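What follows is one structure encoded as structure tokens, with my remarks underneath.
The values are calculated or read from the model by the stated rules, or taken from the named source; none is laboratory data. Here the structure is a predicted model, which means the values were calculated and not measured. Here the Cβ is made from the backbone with ideal geometry for all residues, glycine too, and neighbour counts use every protein chain on show. For the accessible areas, the whole protein counts, side chains as well, though only heavy atoms, and no ligand, DNA or RNA atoms are used. Shrake-Rupley method; radii C 1.70, N 1.55, O 1.52, S 1.80 Å.
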Amino acid sequence: MFLDKKRFKNAFLERLENMYGKNINESTTIEQFMVLGSMVKEHISKNWILTKKNYRERGEKQVYYLSIEFLLGRMLGTNLLNLGIREIVEEGLRDLDISLEKIEQQEPDPGLGNGGLGRLAACFLDSLASLHLPGHGCGIRYKYGLFEQKIVDGYQIELPDYWLREGNVWEVRRSDKAVEVRFGGNVWVEKVGERLVFHHENYESVLAVPYDIPVPGYKNKTVNTLRLWSAESAIKDFDFQCLNNRDYQKIIDYKRSTESISEFLYPDDSKEEGKILRLKQQYFLVSAGLQSIIRSYKKRHQDIHDLPNKVAIHINDTHPVLAIPELMRILMDEEGLEWDQAWSITTRTISYTNHTTLQEALERWPIDMMKTLLPRIYMIIEEINERFCRELWNKYPGEWDLIHQMAIIADGQVKMAHLAIVGSYQVNGVSKIHTEILKKQVMKNFYACFPYKFHNKTNGITHRRWLLKANPLLAKIISDTISPNWIEHPSDLNYLQNYAKDPSFQEQIFLVKKKNKISLSNYIQEKYNISVDPNSIFDVQVKRLHAYKRQLLNVFYIMDLYNRLKENPDLDIIPRTFIFGAKAAPGYFLAKRIIKLINTVATVINNDPTIHGKIKVIFIENYGVTLAEKIIPAADIGQQISTASKEASGTGNMKFMMNGALTLGTLDGANIEIKDEVGDNNIFIFGLTPQEVLHYYQQGGYRARDFYQSDPRLRKILDQLMNGFFLKEVVEFKFIYYSLLQENDEFFVLKDFAAYADTQQRIDQSYRDHKAWTEKSIINIAHSGIFSSDRTIYEYASGTWEIRPIFIP
Ligand code: 26V
């Protein structure tokens, strides 16, 4: 049906009739989306079946990527692109007087993730399939994704994101592959001959039903699978009818409690509420995932001992770390293996990546909670801990403190990162500096114990979504200049280096950026009724709102610039549009106050005629994958200004450079590698180094108040927070003020302010020379190929999972 335009049009009209009983004029755009989506899915199905058949028959090793988040973004556009049918569809629809773009906008953006960790998982799936690699995702089908953000009177309001309202056109429910997951109850042990047999009783049974989403590679025949699990009650409908009222209530309660497991994605794991539910989600994912992996393994292979040669299981941070005891449980309790055999198999099958060194984000679960909810799993963790501590005792006799620090269970808690390191064969960091910090600081004791386990895999992004799809104008002039080979081989972007000084190519690059800026300006005008100047510098910070990401530093500079403009309306600056996008966790008070501050400052500045529109501040609500695709191609500057040592990698930084924005950043995460690639002249670096920050944390010596006292700009800004200059209800920003002056500014905002302001000045100067600026922009694009997730996945495939491409004939 996608062979040519004519056939496509006929098929489209016919299906519209079949599905909705409507002709083209009667149908709504959402109906047109559902029709097109179902056609594309059907088109994918053939190769999906073929891929599965090939994987089954060839019996080669496959990887399963376990993640509590997959931040997929809309799929219609990437599917059309990957299948190579975008032109036919676009032209066919145009004949019918329908805009493909409008149809694409109907697709809900499945926000099944919070930020970088979830988006990385989605980029990896795209790269696996595009590189012909047998690799699948395994996650949770949350009924509600990350909340929808509205800004009302400057405050963030959270609304539920019911993305499944119209159904999900890409998924296939596989009831036949459902498995049972058990919670609670008690375990008793029986000795049968020489063996101990564990009986789990009185548990609550939850049915895990998989929904499969196809993941097609770019212009190849590989179609991998993302399997998302949904929790359902294990009760059949007829049970309802023969029940009296009391039982009925019990059943309703049971149904609620089971279904709640896959109801919400957690927008924040730092708070006490919902802890049990979150632990339930983690075990639910892992138990359903592993049962299905082992089931499919056993269909293809005889010998369970061979598992590590045929299956790799990767855990995306510690959320799925219960995969380790769960695999042990299956191998021992269901497959009848001894501990040592099971342990050997488990620790050769599971690998792990860490995504943060923030202490508050390292997962720990109270022993009691785990024991009650997962009695058998807890027994296994206890045994792993005991054996590990014994090993440590032999290695470091008498060193109680060290052993206590390294134990998996200590101080009433189960330490998930310790379990992950002990139970996996590889521990990865996500950028060079992050891996070094893991080895030398956060996990140094483990590094001393298992140096061979630690590796670096610098993150990446799929250039297919983030350049080819998000920025078609840029993609086109790149292809016209260096041939479209870069799409298959992103390192070919390097050839652009030869055109960095080419006036005609510079001109084209400048024009494309301008067009993207105009298109974003139009969006801002329509949505917020604010006019922004496309000739101004688009200076963008879009990411989750966290104190360590330092949106505050950005807004303080804006306040300072505004103060200077008020004093001197003739101040010679290049007009600038500051663009923010950020969601704050609903319970994160400071973060929400920072959103209020940004919006308050924006209102004052945007409505002050005396500064002649030289600066504008825009907060774009509900930032997510879809908006990122619109905003990033229009950026001149991407701000990556986290406190050095705190951002494990960042991936936004890579998206910006790939779209020709220059980075304003600290020496943190992958910024360091970006700097090494593009050179000091093509990036704006400022502030404390990671070493300096870590030194302050260890040795002390930082006094935020000194900066308040010595820098008049800071004093003025901080006073303005408290004196109602930006907002008459003064109380609003007290919390920010105290976090800086009373709590001594944990993230060195005041310390880095001067360097940041200087660097912003340098940017202002640099931008005046358009040719030189565009040259820098081209150099950034030219060096972005190495940050394609194809490179990262290649490193994981060869260095961690030991999987090989399987070409589907
Ligand atoms: C979670 C929490 C929860 C408790 C409060 C503080 C806090 C801070 C950070 C996090 C993030 C946890 C994991 C995560 O999303 N890490 C991100 O992973 C990306 C992909 O590797 C990486 O690029 C980002 O730098 C890293 O923050």
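A few remarks follow.
- Short to long, the 5 Å bins of the Cα pair-distance histogram for segment 503-575 hold 3, 12, 14, 17, 20, 19, 10, 3, 0 percent of all pairs.
- Of all lysines in the structure, those lying under 19 Å Cα to Cα from Lys457, and not within fewer than 8 positions of it along the same chain, are Lys432, Lys439, Lys440, Lys444, Lys646, Lys655, Lys675.
- Working ranking of peptides 595-605, 648-658 by packing, defined as the average number of other Cβ atoms within 10 Å per residue, highest first, is 648-658, 595-605.
- For segment 681-784, a/c is not less than 1.5, where a ≥ b ≥ c are the root eigenvalues of the C-alpha gyration tensor, and a/b does not top b/c. That puts it in the oblate class.
- Every pair of different Cα atoms in segment 582-674 enters the Kirkwood calculation, which places the hydrodynamic radius at 15.0 Å.
- Mean projected area in nm² (Cα convex hull; one quarter of hull surface) for segment 239-386: 11.7 nm²
- 3J(HN,Hα) along segment 755-772: 5, 5, 4, 4, 5, 4, 4, 4, 4, 4, 5, 4, 5, 4, 9, 4, 5, 5 Hz, from the Karplus curve 6.51 cos²θ - 1.76 cosθ + 1.60 with θ = phi - 60°, whole Hz, x for Gly and Pro.
- Largest-first ellipsoid semi-axes for segment 330-429, taking √(5λ) over the Cα gyration tensor eigenvalues, angstrom: 21, 17, 16
- The alpha-carbon of Lys150 sits under 15 angstrom from the alpha-carbons of these aspartates and glutamates, leaving out residues fewer than 8 places away in its chain: Glu158, Asp161, Glu621.
- Across segment 107-196, Cα-Cα pairs farther apart than 14 Å form 80% of the total.
- Shape call, segment 483-525: gyration tensor on alpha carbons, a/c limit 1.5: oblate
- The string of couplings for segment 675-687 from the Karplus curve (6.51, -1.76, 1.60, θ = phi - 60°) is 4, 4, 6, 8, x, 4, 6, 10, 7, 10, 9, 8, x Hz, one whole number per residue in order, with x for Gly and Pro.
- Proximal lysines to Lys41, defined as alpha-carbon separation beneath 22 angstrom and excluding residues fewer than eight positions away on the same chain: Lys5, Lys6, Lys9, Lys22, Lys52, Lys53, Lys102, Lys143, Lys177, Lys219, Lys221, Lys469
- Heavy-atom surface of the chain, accessible at 1.4 Å and reported per residue (Å²): 40 Å²
- Anisotropy class of segment 383-427 from Cα gyration tensor, a/c 1.5 cut: oblate
- Mean Cβ neighbour count within 10 Å, used as a protection proxy, ranking 153-159, 474-480, 541-547 highest first: 541-547, 474-480, 153-159
- Given charges at Cβ of Lys, Arg, Asp, Glu: the chain dipole, positive-most of Met332, Gln742, Thr372: Met332
- Less than 5 angstrom separates the built amide H of Gly650 from those of Ala670, all sequence-distant by 5 or more or on a different chain.
- Amide hydrogen neighbours beyond the local backbone of Thr663, cut-off 5 Å, H modeled: Gly638, Phe684
- Rg over Rh, two decimals, the chain (C-alpha only, Kirkwood Rh): 0.97
- By the compact-protein rule of thumb, 2.2 N^0.38 Å, the alpha-carbon radius of gyration of segment 144-258 corresponds to a ratio of 1.58.
- Evaluated over segment 346-396, the Cα radius of gyration and Dmax, each in Å: 13.8, 34
- Ordering of 516-524, 285-293 by packing [mean C-beta count within 10 Å, highest first]: 285-293, 516-524
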